[in-house]
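Nothing in this text is a laboratory measurement; each read-out follows from the coordinates by a stated rule. The structure presented is a predicted model; accordingly, all values stated were derived computationally and were not measured. Please note: Cβ atoms are built from the backbone with ideal geometry, for glycine as well, and neighbour counts cover all protein chains shown.
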Amino acid sequence: MIVTDNHMHLYNHLRLKALEQFKNAGGTHVFLVSLLSKHYNVKPKKGEDFKKIFEAHVSLVNKANRIVKAYAVIGVHPAEITILSGRMRPREAAEIMKEGIEIAGKFVEEGKAVAIGEVGRPHYKVSKEIWDLSNEVLMHAFEVAKDVGCAVQLHTEPYTPEGLREIAEMARKAGLKLERVVKHFSPPKIKEFEEVGIFPSVICLNDYALEAAKQGDRFLLETDYLDDKNRPGSVLGPKTVPRKVKELLKHGFDEDFIYKICVENVERVYGIEITL
Ligand SMILES: [Zn+2]
């Protein structure tokens, strides 16, 4: 059975051992997402500097592929604007982030990564200037994704119907298909997402997976495992998606249902073929 975690990081704690745990628990496919520049000890001064980060990430994903089937997702995290703005004007920071996202797009074109992410808007309170610039960077990410023909993983403020609709409108303006826009860390609001068009990647907290399954089958599952030795097991441990899939089976959702979530939806969103 194929079991996919749509959003995981590898940093300084278990590294590839996290994927051994994932695999032993029944996991088969994983989307590994690049982190912030500080996690790579890089202090970007120009967009080009993100290349080192993406290269390090792609090389880690290649190693991960010896354990499970792993896909690289690369982008410029929305919190990057706060980090960069400590060293330069926010406008300059936004420009560098846009250049970084263009480089991420080239990596996707070259087949080194499958999607752009995580990109979006800060999840914490920021000034109007930073908020507007974040929207501008996000709009650019949508345009790059449209040109390259790839999906986008979003990191945003906590879910609100208005916020979701606003982002959908931006993607629509960029000409990007809404089902290629995935909101990472989604609550189990399957109907609401279906109405708006953005694809939810449900975070496996509490009973979220089960809540989602009761509403339909248009979603992905993720842990947002951070692999940070200072916060081990955050946000959720690497074994969580396989465990939640087993729980769904126990609750009467059959293997066809799991196939829909872990294979068909993934293929549809990313435009890739998922096989064992
Ligand atoms: Zn993440």
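Brief remarks follow.
- Most to least packed among 120-128, 171-179 [average Cβ atoms within 10 Å]: 171-179, 120-128
- Looking at region 32-120, the GluC sites (Glu not before Pro) that sit in a DSSP loop and have at most 15 other Cβ atoms within 10 Å of their own Cβ are Glu110.
- Annotation: amide H-H contacts under 5 Å for Lys183 (H modelled 1.01 Å from N, sequence separation of 5 or more, or interchain): Leu154, Phe199, Ser201.
- Burial order of peptide ranges 132-143, 244-255, 186-197 (average beta-carbon count within 10 Å, highest first): 132-143, 186-197, 244-255
- By other beta-carbon atoms within 10 Å, ranking Thr240, Thr275 with the fewest at the front produces Thr275, Thr240.
- Pairs beyond 21 Å (Cα-Cα), from Lys17/Lys52; Lys173/Lys214; Lys17/Lys229; Lys51/Lys98; Lys45/Lys98: Lys17/Lys52; Lys173/Lys214
- C-alpha center-to-center spacing [region 85-104, region 61-82] in angstrom: 19
- On Cα atoms only, tilt of 90-109 relative to the major axis of the chain in degrees: 50
- Here's how it looks for Glu118: its modeled amide H is under 5 Å from those of Ser34, Gly75, which are all 5 or more places away or on a different chain.
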